[in-house]
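The values are calculated or read from the model by the stated rules, or taken from the named source; none is laboratory data. Note that the structure is predicted; figures quoted are calculated from it, not measured. Positions of Cβ are backbone-derived with ideal geometry, glycine not excepted, and every protein chain shown enters the neighbour counts. The area values use the complete protein model at the heavy-atom level, side chains included, leaving out ligands, DNA and RNA. Shrake-Rupley method; radii C 1.70, N 1.55, O 1.52, S 1.80 Å.
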Amino acid sequence: MKNSCIFVPRILLPQPDADMTAWAVIACDQHTSDRAYWSALDALVGDKPSTLRLTLPEVYLEDADCPARIAKIAETMRDYRARGVFRTLPPGFVLVQRTAPGMPVRTGIVLAVDLEAYSFEKQSDALIRATEATILERIPPRLKIREAADIEFPHILLLYEDMQGAVAAAARSHRSGTLYDFALNMGGGRIRGDFIADVQPVLDAFAGLVRDGLLFMVGDGNHSLATAKAAWERCKAGLSEAERAVHPARFALCEAVNIYDQGIRFEAIHRLVKGVDPDDFARGLRPFGRAEGGLCVHGRKIPLGVAEEVPAAVAAVDAYIDEYMLRKGGSVDFVHGEEAVRAYTEEHPDSAGILLPAMEKSSLFGLVKRGGSLPRKTFSMGESEEKRYYVEGKEIRA
């Protein structure tokens, strides 16, 4: 494939007799204000092999025992390897079909991409580009996890534009057997994965989608891919050119999804401000525009106008929150679902929420091409339950 940024990986999965419902868990950047979710998941998994033991839920990032948790992840990877938990597939892709409550089937392809073809700079001409601003301060804790690990388990979803559905059609036509088909835990729906050994037709279909030097945009997992890039930059400094060409850390495992897929829905990401006087926070607010937004205090939603262009609405709201916290303290979290924001502000009297509108998915590629990456957390691809679950892994050590 000319100008290819795609690499054909050897994917790791647990052995066929594994309890896959216990194995697969939701992306670590979900439910960051809901410790009860992770406690319930921990109890459900128990002692069974699980990606819960191989990733770090971000709800624990600020805890005092975070370094110990990171060390335990690396130890568990070695233990699983020694116990023969993993099997290695031949080179190939995985065609993934995912459903969740109220969500149409989402079709994706698990593949690897060349980190040399990816940039998270705001303005970039790379084949793979970030859709949102990368917060550099978020990379170091994730980098510690990656550099201690031998295997990566991604929750990265890459988006591509394919109005004719050529890539998915090629993938479906060249399936060579089902790898897994099981119910996801914690209300996540169901997932099926079929192996694709003959990848050339899929690569050919992707080749026809490169426009203006762009193939993929990062839909979910922006900071995870940025962390992989940072780790690779460190790693390659000590390698020869020949070693760099084949080193496994150069290639990051992702799931690529057509932005026009019926299972891709853009949802708003709301702001939840904690550790503040909600009435004082509300008094400083003025309408940002004419589009419909909202303020949540004490469990009540109050109308709040926001800018009609969603990136502008996000930028203005974030600027107010940042300025307020600089003067009076507090912290901000990013939450999916209006009801979750309302319920939190009802249960926690020292919090306030700002509700934002959803962005049209068809506008994404054009916005980023014209203006570069969007403000952080401008959109979410679906609700929390629709996020990617960790299933496949890949070696990142030589």
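Overview of values
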quantity	calculated
Subset tally (residues that are within 28 Å of the chain's Cα centre (by Cα) and surrounded by fewer than 17 Cβ atoms within 10 Å (Cβ to Cβ)) for region 292-303	1
Test: residue in region 91-103 that is of a type outside the set (A, V, I, L, M, F, W, C), open to solvent by less than 40 Å² (accessible area, probe 1.4 Å), touching a Lys or Arg at 6+ places or on another chain (Cβ under 8 Å) and farther than 27 Å from Pro248 by Cβ	no
Any hit, region 52-61, residues being modelled with pLDDT of 95 or more, in a helix (DSSP H, G or I) and more than 21 Å from Ala252 (Cα to Cα)	no
Extreme residue, farthest from Glu161 (Cα to Cα), among residues of region 240-257 that are of a type outside the set (Lys, Arg) and open to solvent by 40 Å² or more (accessible area, probe 1.4 Å)	Ser240
Out of Lys236, Lys274, sole residue that is of a type outside the set (A, V, I, L, M) and either in contact with a strand residue (DSSP E or B) (Cβ under 6 Å, 6 or more places away or on another chain) or over 30 Å from Val391 (Cα atoms) (or both)	Lys274
Among the candidates Ala231, Ala171, residue that is touching a residue at least 12 places away in the same chain (Cβ under 8 Å), at negative phi, buried (at least 16 other Cβ atoms within 10 Å of the Cβ) and within 22 Å of the chain's Cα centre (by Cα)	Ala231
Where Asp63 falls short, out of the listed (1) closer than 30 Å to Gly263 by Cβ; (2) loosely packed, with under 13 Cβ neighbours inside 10 Å	(1)
Verdict on Tyr37 being under 21 Å from the mean Cα position of the chain (by Cα), without any contact (Cβ under 8 Å) to a residue 40 or more places away in the chain and surrounded by fewer than 21 Cβ atoms within 10 Å (Cβ to Cβ)	no
Verdict on Ser331 being of a type in the set (Ser, Thr, Tyr), without any contact (Cβ under 8 Å) to a residue 24 or more places away in the chain and more than 30 Å from Val85 (Cα to Cα)	no
Filtered residue count, region 1-26, keeping only those that are closer than 25 Å to Leu115 by Cα and either basic (Lys, Arg) or out of contact with any strand residue (DSSP E or B) (no Cβ under 7 Å at 6 or more places or on another chain) (or both)	5
Within region 141-228, strands (runs of 3 or more DSSP E) holding 1 or more residues that are touching a Ser or Thr at 6+ places or on another chain (Cβ under 6 Å)	178-183, 190-196, 216-220
